[in-house]
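Inspection log for the structure reproduced underneath, given as structure tokens.
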Amino acid sequence: MDQKIRRVHPAAFKAKVALEAIKEQKTIAELSSLYDVHATQITKWKRQALDILSAGFSEKQKQKEHDDRSLVQELYQQIGRLKVEVDFLKKKMGIFGE
């Protein structure tokens, strides 16, 4: 049996093909033959690129990133406070031999 080897395309190549598809200066069939990639794959990459672009301009994405940063900062503060408390209690209980 003749099996085809699955090709792995680099991200830069995918972006280039998707950008060409978004420009719509050539048809998907032309791009398919030019880059030797199946038309369905080009359409999929185009849709992914458009989704990523629209998410980049979304205010929800910026708000989510800000919320994540503030949550991480708050958690680090809580970890620091708990570590100080544990160290204090260990010292008081005599767990650390002095």
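The values are calculated or read from the model by the stated rules, or taken from the named source; none is laboratory data. Computed from a prediction, not measured in an experiment: that's the story for all the values here. All Cβ positions, glycine included, derive from the backbone under ideal geometry; neighbour counts span all protein chains shown. Surface areas here come from the heavy atoms of the whole protein model, side chains and all, with no ligands, DNA or RNA. Shrake-Rupley method; radii C 1.70, N 1.55, O 1.52, S 1.80 Å.
For this structure, a couple of remarks:
- Residue 37 passes every criterion in (1) in contact with a helix residue (DSSP H, G or I) (Cβ under 8 Å, 6 or more places away or on another chain); (2) of a type in the set (A, V, I, L, M); (3) part of a helix (DSSP H, G or I) apart from (3).
- Against the test of being at positive phi and open to solvent by 100 Å² or more (accessible area, probe 1.4 Å), the options 74, 24, 59 yield a single qualifying residue, 24.
- Identity of the residue in region 27-49, within 19 Å of the chain's Cα centre (by Cα) and without any contact (Cβ under 8 Å) to a residue 12 or more places away in the chain, that ends up surrounded by the fewest Cβ atoms within 10 Å (Cβ to Cβ): 47
- Residue 52 being open to solvent by 100 Å² or more (accessible area, probe 1.4 Å) and not in a helix (DSSP H, G or I): no
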